[in-house]
C-alpha cells in the first residue's frame with residue numbers, strides 16, 4: 001500500500017527539490033526515497049524506474065519552461081516576440097540551471113516527453129510565423145535561435161563567461177543579432 005501523502009506528483013516534487021539543491025547528478029531513486037522518508041522499493045509504487053522518473057521530470061520541466069516562454073511572448077509578434085522568447089529562454093536557464101540541465105536536447109522516444117517538447121517547438125514556430133517565413137524557413141530560424149540560446153545558456157550557467165564585461169550586455173547583442181538575422185537575412 002502506498003504511503004499516505006506520497007503520490008507520483010509528490011515523488012516528482014521531491015526529485016525536483018533534490019535536483020535544485022544538489023544538481024542533476026544527485027538524482028537517484030535512493031536519494032529521492034531518502035528525501036521522501038521511504039525505502040527505495042516503496043518508490044516503485046509511484047514510479048516504475050529511474051528512467052520513468054526522469055521522463056516525468058522532463059515533462060514537468062518542459063511544461064514549466066514552455067509556460068514561462070508563452071507568458072513572455074503573449075500579445076507580442078515579430079521582433080518583440082522573438083526577443084522576449086529568447087530572454088525567457090535565458091532567464092529560465094540562469095534561474096534554474098539544474099532544471100535546465102535536465103531538459104532533453106534531442107527528440108525523446110517517450111510519448112509524453114515528445115508531446116511536451118512538441119508544444120515548445122510549436123510556440124517557437126508560432127513566434128516565427130510572425131515574420132512571414134515559409135515552413136522550411138521557420139524550421140531553420142527555430143534551429144538558429146535555439147542553438148544560439150542553448151549555447152549561450154550552457155556557457156553562462158557553467159561559469160564560462162569569466163571576463164569582467166557585463167554578460168547581460170552580451171545577451172542584448174546576441175538577441176539583437178538573431179532578431180536582425182531573422183528579420184533581414186533569412187529568405188521570405
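Nothing in this text is a laboratory measurement; each read-out follows from the coordinates by a stated rule. Everything numeric in this text was worked out from a predicted model, so none of it was measured. We place every Cβ from the backbone using ideal geometry, glycine too, and count neighbours over all the protein chains shown.
Summary of values
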read-out	value
Spacing of the two label points (7 Å from each Cα toward its C-beta) at residue 135 and residue 167, in nm	3.9
Label-to-label distance, nm, for residues given as residue 9 and residue 68 (7 Å Cα→Cβ offset)	2.1
Spatial separation of Cα centroids for segment 112-155 and segment 89-109, in angstrom	14
Amide N proximity, segment 55-93 versus residue 22 label position 7 Å along Cα-to-Cβ, cut-off under 14 Å	none
Net length gained if the chain between residue 45 and residue 76 were fully extended (0.36 nm per residue, minus Cα distance)	6.7 nm
Cα gyration tensor of segment 1-48 - equivalent ellipsoid semi-axes, whole Å, descending	18, 10, 8
Whole-number percent relative contact order across the chain, with pairs defined as alpha carbons under 8 Å at least 6 apart	21
Tensor-based shape of segment 52-188 (alpha-carbon gyration tensor, a/c under 1.5 rounded, otherwise prolate or oblate)	oblate
